[in-house]
Amino acid sequence: MTLTDQKAAARKAAFARRKEAFATAGPGQSAHLSEILAGYRGVPLAGYMPIRTEISPLPAMAEAAAYGPVGVPVIQAEATPLEFSRWDPDSTLKDGPFGAKVPEVDDYFDPEIVIVPLVAFDLLGGRLGYGGGFYDRTLERLRARRATLAIGFAFEAQQAEGLPLEETDQPLDMIVTERRIIEFSKA
């Protein structure tokens, strides 16, 4: 089985687990994310506008926006890094690529914290995304400029073992789920 086939199979299984977790999720899913972000008040950060069955970081992003800049990803073109446009809970949004909403007015900045959506994660900081490489390119670019904290946000059910990862896959610094916070050492 090729790496591409392995990734496709891992994504299919993870999407099924995520769909079930989304359907049965209760309130307060972003409480642990809010707890983490409270320790970084005022630090420029980027979240995401949830699509389909993604866990929603919006309550935590709204809290953070009261203290400093918060952005959301805007896809510029295929195979390029993301740009992050300033967002707040009252932002006027428009449809962006892949069904995610983006701010109507572009106001780009570089975040120092990136809340990363994902399909699956492992307990080593590995992340399986949708396959476009947008977050890997983006984290590589941001980390080349300055320390950038990458926080994977997911349902607990999205944890997997033996993810088919590549050298270009950027590691996460922590995973936050609706149940716990997992920090990875930089050994």
Fill in: Label point distance in nm, A13-M174, each placed 7 Å from Cα along Cα→Cβ
2.8
Practice prompt. May I ask for the angle, rounded to the nearest 10°, between helix 3-24 and the longest principal axis of the chain, with both axes built from Cα atoms and the value confined to 0 to 90°?
Written response: 60
Discussion item. Suppose a student asked you for the relative contact order of the stretch 3-183, using Cα pairs under 8 Å spaced at least 6 residues apart; what percent would you report?
Written reply: 24
Practice prompt. With the cut-off at 18 Å, report for the stretch 67-133 the share of all Cα pairs above it, as a whole percent.
Written response: 44
Response to the item:
With only helices counted (DSSP H, runs n ≥ 4, each -39500 (n - 2.57)), the per-residue ellipticity at 222 nm for the chain, to the nearest 500, works out to -8500 deg cm²/dmol
Worksheet entry | Under the Debye formula (equal points on every Cα, no solvent term), log10 I(q)/I(0) of the stretch 3-183 at q = 0.08, 0.10, 0.20 Å⁻¹ | -0.22, -0.35, -1.58
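Each reported figure results from applying straightforward, stated rules to the coordinates on display, with no laboratory input. Since we're looking at a predicted model, the values are computed, not measured. Positions of Cβ are backbone-derived with ideal geometry, glycine not excepted, and every protein chain shown enters the neighbour counts.
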